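Colleague: A single structure is presented below for examination.
The values are calculated or read from the model by the stated rules, or taken from the named source; none is laboratory data. Treat the numbers as computed from the prediction; the structure is a model and nothing was measured. Here Cβ is always computed from backbone atoms with ideal geometry, including for glycine, and neighbour counts include all displayed protein chains. Side chains are part of the model used for accessible areas, which takes the heavy atoms of the whole protein and leaves out ligands, DNA and RNA. Shrake-Rupley method; radii C 1.70, N 1.55, O 1.52, S 1.80 Å.
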Amino acid sequence: GIDDPFWLKHLSLCRIFSGDLDSARLATSLIRELDEEDAAFLNLSNSLIDKEDIVFQTLPSPKPLHLAMSRAAKVSLPEDIVSNAPALVLKAIAQSPNASMDVRIQAAEKAESLGLVDSDSLRQLYSGILFNSSKIKSIFDSDKNLGSIESQALLFQLSQTQEVAAAKAEALFKAFELGRKQNIYGTVARVNRNSLLSIEPSKDLLWFVKDAVIALIINNEHERALEWFEIARSLVNSQNEIAASTVLELWPSIQLSGLPW
């Protein structure tokens, strides 16, 4: 009915966009009585009606309506918007022009991990960030530089620009390591698929075998995963401890993926 907050909110927004501000004010005052806890809607309504500048310090449970209103009011989305955003809203946040790049990256990574956007969308976002050469170099200088939200984007670009296989593998190794900490390992594996496939399996890259195999299995590149696995297995008989531990650690993944042992 007309006293349903959901419909009243949409009615109020329609009135705002059509320029009927008196009706919008009336609808907003009714909403204040019916749903006073939705402070975000009330603040955004006031901003759109009276052209007031507002700043959101927090918006932990955003609704699609909040995003549409924020965009219309040109209000920047707060940093915490991704943490509890429903799946439906994550994709919109990732593409939102009024969100900071950090917020968009977090939303896009989470959306990809949930299957809401494809890896290409995340690749495009990563590729569109401009880094100066000193910042790109700094990622190799210290692991302390891996703490920022844009680190995955930086490592993605780095792995694509490195010509030497070992340097490319090192960038991917850091990306996978960070992906484990961020709980987006699968996303990192998928978004870096092309760089991973461009590295030829080599005994010199034994330290990279474990990540290469797991990431390739995630990408359904089973033949290439086996090529990397064979690198470690071929060195077991020479009493190479790294090779032996790598084979033992990978054995469950190999078994579960159905690859020939």
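One line per residue, one yes/no per condition, for (1) of a type outside the set (Gly, Ala, Ser); (2) open to solvent by 70 Å² or more (accessible area, probe 1.4 Å):
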| position | (1), (2) |
| --- | --- |
| Arg25 | yes, yes |
| Leu34 | yes, yes |
| Ala39 | no, no |
| Leu42 | yes, no |
| Val75 | yes, no |
| Pro86 | yes, no |
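Colleague: Please determine, by comparing only the residues of region 141-157 that are surrounded by 14 or more Cβ atoms within 10 Å (Cβ to Cβ) and more than 20 Å from Asn183 (Cβ to Cβ), which one is modelled with the lowest pLDDT.
Modeller: Asn145
Colleague: Quick one: which helices (runs of 4 or more DSSP H) sit completely within region 41-126 and have at least 2 residues that are over 23 Å from Leu8 (Cα atoms)?
Modeller: Here the list reads 87-94, 101-113.
Colleague: Identify the residue in region 89-116 that is acidic (Asp, Glu) and touching an Asp or Glu at 6+ places or on another chain (Cβ under 9 Å) and, among all such residues, is nearest to Glu79 (Cα to Cα).
Modeller: Asp102
Colleague: Quick one: what pairs do we get from region 225-245, first residue over 21 Å from Ala169 (Cα atoms), second of a type in the set (A, V, I, L, M) and open to solvent by 30 Å² or more (accessible area, probe 1.4 Å), C-beta under 9 Å, 6+ apart or different chains?
Modeller: Val236/Ala244
Colleague: Separate question: Within region 206-223, is even one residue charged (D, E, K, R), closer than 24 Å to Glu150 by Cα and either under 28 Å from the mean Cα position of the chain (by Cα) or buried (at least 21 other Cβ atoms within 10 Å of the Cβ) (or both)?
Modeller: Scanning region 206-223, I find at least one residue that is charged (D, E, K, R), closer than 24 Å to Glu150 by Cα and either under 28 Å from the mean Cα position of the chain (by Cα) or buried (at least 21 other Cβ atoms within 10 Å of the Cβ) (or both), so the answer is yes.
Colleague: Since Gly115 meets every condition but one in (1) modelled with pLDDT of 85 or more; (2) at negative phi, which condition does it not meet?
Modeller: Status for Gly115: all satisfied but (2).
Colleague: How about region 56-72: which of its residues are modelled with pLDDT of 80 or more and either open to solvent by 90 Å² or more (accessible area, probe 1.4 Å) or in contact with a strand residue (DSSP E or B) (Cβ under 6 Å, 6 or more places away or on another chain) (or both)?
Modeller: Lys63, Arg71
Colleague: Examine region 31-38 for a residue that is within 22 Å of Val82 (Cα to Cα) and modelled with pLDDT under 80, and state whether such a residue exists.
Modeller: Yes, the conditions are met somewhere in region 31-38.
Colleague: What are the residues in region 95-135 that are without any contact (Cβ under 8 Å) to a residue 24 or more places away in the chain and over 13 Å from the mean Cα position of the chain (by Cα), if any?
Modeller: Within region 95-135, Ala99, Gly128, Leu130, Asn132, Ser133, Ser134, Lys135 qualify.
Colleague: Also, I was wondering about something else. Using beta carbons and a limit of 6 Å, which pairs, at least six apart or on different chains, have the first residue in region 29-50 and free of Cβ contacts under 8 Å to residues at least 40 places away in the same chain and the second one aliphatic (A, V, I, L, M) and outside any helix (DSSP H, G or I)?
Modeller: Matching pairs, first to second residue: Ala40/Leu59; Asn43/Ile54; Ser47/Ile54.
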